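Worksheet for the structure shown next.
Read the figures in this text as sums done on the coordinates, not as results from a lab. Here the structure is a predicted model, which means the values were calculated and not measured. Counting neighbours? That spans all protein chains shown, and the Cβs are built from the backbone with ideal geometry, glycine included.
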Amino acid sequence: MEIDVLLGLQWGDEGKGKIVDYLAPKYQMVARFQGGPNAGHTLKFGGKKFVLHTIPSGIFRDNLQNLIGNGVVIDPITFVKELQELTAVGVTFENRLFVAKKAHLILPTHRMLDAASELAKGKEKIGSTLRGIGPAYMDKTGRNGLRIGDILSPDFIDRYNSLKQKHLKLLAQFPELPFDLDGEELKWMEAIKDVKKLQFVDCEYFISEALAAGKRILAEGAQGTMLDIDFGTYPFVTSSNTITAGVCTGLGVSPQKIKEVYGITKAYCTRVGSGPFPTELHDETGEKLRAEGAEFGATTGRPRRCGWLDVPQLKYAIMLNGVTQLIVTKMDVLSAFSDFAIGTKYKSEDGSLSQNLPFDINDDTFSVSYENIHGWKVPLDEVTDWNNLPQEATDYLIKLEKELNVPVTMVSVGPGREQLIVK
C-alpha cells in the first residue's frame, strides 16, 4: 500500500487536526513526521475540545495505530501531560501508540537556549514558541542530540549531563534568565520514566512492514508549508521540513510510496508570530476576521494576524507539495462579510505582475493586486450538503479550483467533527 499525506498550505493553524480525525477511519495508522510541541492540532467533538501537540490526531479513533516518527522532536514533559489528559477522558493508547527510537529529545536547557536566543534578537525576533524546538534540531544536525532510543542506554544520564553542560556553556554568553532549571529537570526525569513505558520502534522498518502488510497510512504534517526551513519565509520559519518531502526523511519511506496529498487552506489567511505576510490586514477588517474566526494560537494563545487569501502563495505551496486534493476550512467565517478579497498577483516596483514568490518575501518592494469577491451573508454552520451551499460560496470555491488547478474536495463550515462538507 501507499502513504497519503495531509498538510497545511499556509503558515499553520489551517485546521489539520479536525481533517485528520475525519479521514482517520479510512486508515489503519496515522503518523506524525516532523515538528514538535510547537504544533497545536485542535479537535472538537462530544461537546469537548482537545488540543494535541505531539501525539497524532488519530489517537481518538480506538482502532488506529499512531506513530511518532523520527523527524519529530519530543519534550517528555509536554508529551506525558498529553498522555495524562488522554487517560483522564478514557482514551487508551498503550497498545496503539508507537515512538520512533530515532526521534530526538528536547531537554530543559533547549528551552532555556530558545528563550535566551529569542530575547537577544530584540526587534529581530522570529516569533519562536520558546518550546526548545530550534535548539533541539540544531543539536540533531550538529550530531550532539539525544534520541528516544538513548533512554534505554545504561549511560543515558551521563550523556544527558554532557549535553546539558554544553548548553550551560552556551547560555553563559546570554543575560541570566528567570528559569527554574532544577525544577524543570526534575519534572523532565520523572516524565522520562513514563515515556520509557511506551512502545519504541525502528520507524523505518515498522512503517515498511505495515505497508507490506497492506495497511493504509496517513502522514500528518505540523505547522504549515510557509514555515518550511528550506522553502518557507526564511528566517521566520520552523526548524524542520513541513512539506511532503519531509515525509520521506521524517518516517523513513521512499518517494514512490506517497499517493494522495491533501492540502489544507483556510478560506482566508492567518499567521502567528513575526515574519512577512503579504495580504495581512492592519485595520478593522483584520480585527473582524480575528474575532469571527476566533483566531488565537492553539499552542500559545497568541492572537493570529489575519488577512485575505493569497493565491500566489497557495500556488507555490501546491507546487511544492504535489497537492492532489484541496480542503478549504473556515468558510463559515466569511459569512460575516458582504464582500471580501483575494490576492491574485504580486506587483513589483516597476509595475510588472507575477504569481511567483520572490526570493526574499521579506522584501517590501512589492505589493499585492486584489480581486473583489461578492460574499453570501448567510450562516454556513448548519449546511451539511454541498448542493445546499449558497451560490456565492460555490462560486468562490469554483474560482479557487480554476486559479489553483486543484479540485476542492472538502469544506469545513465550523469547528465540530460533523461540520465538514464532502464534495
Practice task
Grab the alpha carbons of the stretch 187-231, take their convex hull, and tell me the volume per residue in Å³.
Solution key: 154 Å³
Practice task
Would you mind computing Rg(Cα) / (2.2 N^0.38 Å) for the stretch 50-127, counting N as its residues?
Solution key: 1.35
Fill in the blank from the handout: Going through Lys16/Lys196; Lys18/Lys330; Lys49/Lys266; Lys26/Lys197; Lys102/Lys197; Lys49/Lys330 one by one, the pairs whose alpha carbons sit over 22 Å apart turn out to be Lys16/Lys196; Lys26/Lys197
Problem - Whole-Hz couplings from phi, Karplus 6.51/-1.76/1.60, listed for the stretch 84-90; x for Gly and Pro - result: 5, 5, 5, 4, 5, 9, x
Fill in the blank from the handout: Note on the chain: contact order normalised by length, alpha-carbon pairs under 8 Å, 6 or more apart, percent, works out to 20 percent
Problem - Kirkwood Rh and Cα Rg combined as Rg/Rh, the stretch 156-261 - result: 1.08
Problem - Taking the convex hull of Cα positions in the stretch 225-352, its mean projected area over all directions (nm²) - result: 9.6 nm²
Exercise for the section: Find the Rg to Rh ratio for the chain, where Rh is the Kirkwood radius over alpha-carbon pairs and Rg uses the same atoms. Expected result: 0.97
Fill in the blank from the handout: Which of Gly246, Gly69, Gly221 fluctuates most in a GNM of the chain (C-alpha springs under 10 Å)? That residue is Gly246
Practice task
Work out Dmax and Rg for the stretch 275-423 from the C-alpha atoms and quote the Rg first, both in angstrom.
Solution key: 15.9, 49
Completion exercise
Mean Cβ-within-10 Å packing, highest first, puts peptides 5-15, 318-328 in the order 5-15, 318-328
Problem - Against the rule of thumb 2.2 N^0.38 Å, how large the Cα Rg of the stretch 102-229 comes out - result: 1.24
